Amino acid sequence: MSAKPQKLSFIEKAGYSLGDAAANFVFQTMILFQLSFYTDTLGIMAASAGTLLLVGRLWDAFFDPMMGVIADRTKTRWGKFRPWVLWTAIPWGVAMVLAYTTPDWGTTGKLVYACLTNILLMTLYSANNTPYSAMTGVMTGDINERTSLSSYRFVAAMIAQLIVGGFTLPLVAKFGQGNNAKGWQMTMALWATICVVFFVITFLTTRERILPDPKQKVSARLDFGDLLKNGPWIAMFILTVSHFLVLAMRGGTMFYYFRYYVNQGRLYGLLQSLGLTRGASGAVPAGTWHYLLNTFGLVVNVANTNVSSVGFSLFNMSSLFITLIGVLCSTFLSIRFGKKAVAIAGFSMTTIFMASFVLLPPTAIGTVFILEYLRVLTYGPTVPLIWAMFADVVDYAEWKTGRRTTGVIYATILFGLKAGLSLGGAIAGWLLSGYGYRANAVQTPEALKGIRMTISVYPAAFFLIVIVCLICYKIGKRLNIQIQDELAERRKNFTTT
């Protein structure tokens, strides 16, 4: 036995990170494209789609605490949380394809089908991702290693987001050849296969080390009752709801911004300057690079019907590269200044840049990209830090009560995450409907105003709540180190190596 903080190998960190990469093939598709898939491909009205997303994601959110209780009580030779990543892998892949399949049914039938498949996918997401997230709290007790582990995790997540954000729409167009329903089904089948492989690798390369005290009393009532006395948990719960509400609201509306608000002529000019358009003859520019881009649908077609899709893909992919820079800086910044201070600074600057989008005219294409790069550069360091702070909340609860409830704490935080996604997606749909959005049509000035406000001012207001929660969060750098050291002493008799 060893009470020293457990250092993790590169293989284990990288293997763990693939689990979050896999999750982001669903999560990022849900954030960026699920609303537009429902309205523009499946043929559901925007308000109905918003309500559908609310129902599915709220069910998912309420399932998380149940999953946390189940995971905390799971006992296998592989640990409590790790087996769930393996057990749910294949069902997850099947549900991904079903959720983006368009049946040849009437409007009501499609609505029911979408609701059921969305609930199925969200249930499997919880059964997989709740235990997966909790693994951060049991793989090592070293607070700096946890930040490093979270950084690996979110580098992989950002790469997956880059792939999803950059290649999904072009692949849909390429596979579908004018049939978006077929294109979505085939694209999601590809993503699902990747997910299953990644989950298996995560299971095989990771290990759980931090155990609860064997004498700890098992009680769901105590597990949830302790949360209400845990100030850092309350702050992080409210923060998480607001944070992911913003991601769903803004992320789900950005494609509408590119399709309907951004000046397509100016956007085409930018793509042309970057070699992402065809020549006068309609041929793709010569060269291996352009051949690969065309293979994945990242070159404007002859009819110029995919300008917004290619532009949006470029926007996502390039901004994610900038985000990665911020993510890679998070460990250094948190060691130097502490997680709380870095998170407050990052979210504050992100809020300012995000709100500024409302000022941009449709022709300011270059400014759209530059402003987004500034936003994600300041947002990037906060991404792994927030998830590392969740593990600190678990430690704080154990330090205060003597009881370690990793699964329940992560599950309730994920409940907040799903609740935020539910509300954000629903609010986006309701706002678009309220401002008069009509699918696949020329939008009115009022509808365009709604799109602009939903990617800027409205989400910025919710990020102000995030900043207030961080100010109220009391686990600073000094207390974090104190908790780590005192828990290490307590665990000498039951922590594995």
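The values are calculated or read from the model by the stated rules, or taken from the named source; none is laboratory data. Please read these numbers as outputs of a predicted model, since none were measured by experiment. Neighbour counts run over all protein chains shown; Cβ positions are idealised from the backbone, glycine included.
Here are the numbers:
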| item | result |
| --- | --- |
| Matching residues in segment 332-379 - criterion: being of a type in the set (Ser, Thr, Tyr) and outside any loop (DSSP other than H, G, I, E, B) | Ser334, Ser348, Thr350, Thr351, Ser356, Thr367, Tyr373, Thr378, Tyr379 |
| Count of residues meeting criterion [modelled with pLDDT under 75 and either surrounded by 13 or more Cβ atoms within 10 Å (Cβ to Cβ) or among the acidic types (Asp, Glu) (or both)] in segment 260-290 | 3 |
| Among the candidates Gly424, Gly416, Gly420, Gly450, residue that is without any contact (Cβ under 8 Å) to a residue 60 or more places away in the chain, surrounded by 17 or more Cβ atoms within 10 Å (Cβ to Cβ) and assigned to a helix (DSSP H, G or I) | Gly450 |
| In segment 79-120, the residues that are surrounded by fewer than 20 Cβ atoms within 10 Å (Cβ to Cβ), outside any helix (DSSP H, G or I) and either in contact with a helix residue (DSSP H, G or I) (Cβ under 6 Å, 6 or more places away or on another chain) or among the charged types (D, E, K, R) (or both) | Thr101, Thr102, Pro103, Asp104 |
| Matching residues, segment 342-361, being more than 18 Å from Leu385 (Cβ to Cβ) and surrounded by 17 or more Cβ atoms within 10 Å (Cβ to Cβ) | Phe353, Met354, Ala355, Phe357, Leu360 |
| Within segment 46-60, tally of residues that are within 17 Å of Ala411 (Cα to Cα) and in contact with a Ser or Thr (Cβ under 6 Å, 6 or more places away or on another chain) | 3 |
| Criterion (touching a Lys or Arg at 6+ places or on another chain (Cβ under 7 Å), under 28 Å from Ile325 (Cβ atoms) and surrounded by fewer than 24 Cβ atoms within 10 Å (Cβ to Cβ)) met by exactly one of Ile365, Ile386 | Ile365 |
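Listed here are the residues, each with its yes/no results for (1) within 22 Å of Lys7 (Cβ to Cβ); (2) among the hydrophobic types (A, V, I, L, M, F, W, C); (3) at pLDDT 95 or above.
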{"site": "Ala461", "(1), (2), (3)": "no, yes, yes"}
{"site": "Val468", "(1), (2), (3)": "no, yes, yes"}
{"site": "Arg478", "(1), (2), (3)": "no, no, no"}
{"site": "Ile483", "(1), (2), (3)": "yes, yes, no"}
{"site": "Leu487", "(1), (2), (3)": "yes, yes, no"}
